[in-house]
Amino acid sequence: MELPKSQDRIMHRLKTRGPQSVKILSKQLVMTTMGVRQHLADLEIKGLVGQTQEERQTRGRPVHLWKLSKSGHARFPDSHAQTTIELIDVIRSSQGEESLNQLIASRSDKIAAGYRAQLQSAAPELQAQIERLAQLLSDEGYMAEVRLLPDGWMLIENHCPIFGAATGCQQFCKSELDVFQRLFGDKATVTRTDHLLAGARRCAYKITAHSA
C-alpha cells in the first residue's frame, strides 16, 4: 500500500520520535493542524496508527498522542525475517545452542572488523566516529541517529531490521553491544539504555568518554 508523501513523513516521524501530539507533528512537519488530523484519520482507517491514552498536562486539557500500530511498525522492513528465524531453528536443533552462539560470535567479529575499517575514513574525534557509525547503521536499515548529552552521546536505533532474528535469539542483541564496546572501548564506555526486546520502542546506547 503506497502512501501519500505527507503520510509517509508522519509515519517516519512517529517511528523515529515515538508518540506525538497533533500540535507537535504540525510544528515539526510544517503542516496545518487540520491537515495533520486528516492524514492521521486516514492512517487510522488504514490500521497504521492509533491514539494513546490521554497525556496529562500540568495545565489545560489532556492531550491525545498518536503512535504507530503493529501494522504501522511492520511497514518498516525486517530483512528476511522468516527465513532467518527458520535457519536459526535449524542450526539450534541440529548443532545446539553453543554452535549457534559461535556462529553469531563469528558474525560479530566480521561486522566489527568492517565497521573499524569504515571508521578509519572519519575524523579521529570520538563524536565523529560515533556519527560515522550511525551512518553505517542507517545504511543497514537501523534508522540510526546520534544525540549529544551533557556527559556523552546517545546512539539511537529507531528501527531493527533483524527484529525477527533477535526475537528468536537474543545473542544477536548481546553481540551488537559487544561490537560497539569493542569499537569504542579504548576511548569510551558503552551501555545499553533502551532495548526493543525489553519493551522499549527502540534500542539506544549511551557512550561516555573516558576521563582524561
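Scanning the stretch 58-77 for residues that are modelled with pLDDT of 85 or more, under 18 Å from the mean Cα position of the chain (by Cα) and aliphatic (A, V, I, L, M) gives a single hit, 68. Among residues of the stretch 85-100 that are within 11 Å of residue 171 (Cβ to Cβ) and among the acidic types (Asp, Glu), those with a beta-carbon under 9 Å from a residue that is part of a helix (DSSP H, G or I) and at pLDDT 85 or above at least six positions away or on a different chain give the pairs 97/171.
When the stretch 114-125 is filtered for residues that are modelled with pLDDT of 90 or more and either surrounded by 12 or more Cβ atoms within 10 Å (Cβ to Cβ) or not assigned by TED's automatic domain parsing to the domain that holds residue 187 (or both), the ones remaining, listed by number, are 114, 115, 116, 118, 119. Of everything listed in (1) modelled with pLDDT under 95; (2) closer than 20 Å to residue 17 by Cβ, the single unmet condition for residue 170 is (2).
May I ask you to verify whether residue 23 is surrounded by fewer than 16 Cβ atoms within 10 Å (Cβ to Cβ), touching a helix residue (DSSP H, G or I) at 6+ places or on another chain (Cβ under 9 Å) and modelled with pLDDT of 85 or more?
yes
Total residues in the stretch 166-204 satisfying the condition of being surrounded by fewer than 18 Cβ atoms within 10 Å (Cβ to Cβ) and β-branched (Val, Ile, Thr): the figure is 4.
With respect to the conditions (1) closer than 24 Å to residue 211 by Cβ; (2) at pLDDT 90 or above, residue 158 falls short on a single one, namely (1). With the condition kept exactly as written, say whether any residue in the stretch 37-57 is among the acidic types (Asp, Glu) and modelled with pLDDT of 75 or more. Checked the stretch 37-57: at least one residue is among the acidic types (Asp, Glu) and modelled with pLDDT of 75 or more. Of all the numbered requirements in (1) under 22 Å from residue 100 (Cα atoms); (2) of a type in the set (A, V, I, L, M, F, W, C); (3) without any contact (Cβ under 8 Å) to a residue 40 or more places away in the chain, residue 190 misses one, and that requirement is (1). When the stretch 14-35 is limited to residues that are free of Cβ contacts under 8 Å to residues at least 24 places away in the same chain and within 23 Å of the chain's Cα centre (by Cα), the one that is nearest to residue 48 (Cα to Cα) turns out to be 17.
Scanning the stretch 36-52 for residues that are more than 15 Å from residue 3 (Cα to Cα) and not charged (D, E, K, R) yields 50, 51, 52.
Search the stretch 126-145 for residues being under 16 Å from residue 189 (Cβ atoms) and among the aliphatic types (A, V, I, L, M), and hand back the single one that is surrounded by the fewest Cβ atoms within 10 Å (Cβ to Cβ).
Result: 126.
Take residue 108 and tell me if it is modelled with pLDDT of 90 or more, assigned to a helix (DSSP H, G or I) and within 19 Å of the chain's Cα centre (by Cα). When the stated conditions are applied, residue 108 passes them.
The values are calculated or read from the model by the stated rules, or taken from the named source; none is laboratory data. Just so it is clear, the structure is predicted and the values come from calculations on it, not from any experiment. Note that we place each Cβ from the backbone using ideal geometry, even for glycine, and neighbour counts take in every protein chain shown.
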